[in-house]
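Colleague: I have a structure I would like to understand better, so I am pasting it below and will then ask my questions one at a time.
The values are calculated or read from the model by the stated rules, or taken from the named source; none is laboratory data. Just so it is clear, the structure is predicted and the values come from calculations on it, not from any experiment. No Cβ is skipped: glycine too gets one built from the backbone with ideal geometry, and neighbour counts run over all protein chains shown.
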Amino acid sequence: MINLLLISDDERVRQGISYLVNNTDGYSCIESIGSLNHIEQIISINKPDIIVFCCQSNTDETIHTVRQIKFHNPSILVLIIAQINNSDLMLRLLRAGANGFLSGEISPTQLMSAVKELCDGGAPLSPEAAKDLIDHFQNMKDNIIAEADYKLSPREKEVLKLLVDGVHIKDIAKKLFISIETVRFHFKNVYRKLKVKNQAELVAKTLRENII
């Protein structure tokens, strides 16, 4: 069972997402809260696998909260849902450690698909967020530095290239004829060697430093 903690100041949103999660096999919304008060204590008590954070505005408190959650609980996956498309907010939250970012209106199917993608080791982005991220990387071209050597194995480089190309973890396993657990093992090694917290940072660093 995947346990999910929901954060939103909109009661109707909390009710809707809670109902959706609790009626999806293998998932449970163990807590739904409307503010960030006592968030560390709530996480400590409930021990969620995933936190779905409905973000209303680009506030320092939001960024700080995500950063603290990931610092104290690095294994917890954080999915951000923003009501509007805000590229600055997305980039700041991804740098703080968020594992996925959805913006604009999303359907129940899109939400659960993103949650499941997180569980499979992916980093879900809505189409609008993905475009902003690509534009950001394109603007970094003038800042590319010399190729860095992080002592990646040939297999790790193969996995990294597929990751940067946006290939899903299940498809990486099929392409390389290895198990999903083996792909996850390589993920962890690549993240550790490159010292990044999420897929967005991984892609940015790989392109900026010409790693592959």
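Colleague: Is it fair to say residue 181 is at pLDDT 85 or above, in contact with a His (Cβ under 7 Å, 6 or more places away or on another chain) and at negative phi? Step through it out loud before you land on a result.
Modeller: Numbers: at pLDDT 85 or above: yes; in contact with a His (Cβ under 7 Å, 6 or more places away or on another chain): no; at negative phi: yes.
So residue 181 does not fit the description; no.
Colleague: Here's something else I'd like to know. Can you find even one residue in segment 137-149 that is of a type in the set (Gly, Ala, Ser) and modelled with pLDDT of 80 or more? Step through it out loud before you land on a result.
Modeller: Step one: filter segment 137-149 for residues of a type in the set (Gly, Ala, Ser), giving 146, 148.
Narrowing further to those that are modelled with pLDDT of 80 or more: none.
No, every residue in segment 137-149 fails to be of a type in the set (Gly, Ala, Ser) and modelled with pLDDT of 80 or more.
Colleague: Name every residue in segment 180-207 that is surrounded by 17 or more Cβ atoms within 10 Å (Cβ to Cβ) and touching a residue at least 60 places away in the same chain (Cβ under 8 Å), in order of residue number.
Modeller: 183, 187, 197, 198, 199, 200, 201, 203, 204, 207
Colleague: Check off (1) farther than 22 Å from residue 169 by Cα; (2) polar (S, T, N, Q); (3) buried (at least 18 other Cβ atoms within 10 Å of the Cβ) for residue 83 and give me the number that stays unchecked.
Modeller: (3)
Yes/no matrix, rows are residues, columns are (1) under 21 Å from residue 198 (Cα atoms); (2) in a loop (DSSP other than H, G, I, E, B):
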site: 21; (1), (2): no, no
site: 28; (1), (2): no, no
site: 32; (1), (2): no, no
site: 36; (1), (2): no, yes
site: 52; (1), (2): yes, no
site: 80; (1), (2): yes, no
site: 106; (1), (2): no, yes
site: 116; (1), (2): yes, no
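Colleague: Give me the pairs, please: first residue somewhere in segment 57-75 and assigned by TED's automatic domain parsing to the domain that holds residue 97, second residue anywhere and modelled with pLDDT under 85 and not in a loop (DSSP other than H, G, I, E, B), beta-carbon distance under 7 Å, and either six or more positions apart or on two chains.
Modeller: Listed pairs, sorted by first residue: 58/88; 58/89; 62/55; 63/92.
Colleague: Another question, if that's okay. Does segment 160-179 contain at least one residue that is of a type outside the set (A, V, I, L, M, F, W, C), surrounded by 15 or more Cβ atoms within 10 Å (Cβ to Cβ), more than 23 Å from residue 70 (Cβ to Cβ) and not assigned by TED's automatic domain parsing to the domain that holds residue 100?
Modeller: No, there is no match, as no residue in segment 160-179 is of a type outside the set (A, V, I, L, M, F, W, C), surrounded by 15 or more Cβ atoms within 10 Å (Cβ to Cβ), more than 23 Å from residue 70 (Cβ to Cβ) and not assigned by TED's automatic domain parsing to the domain that holds residue 100.
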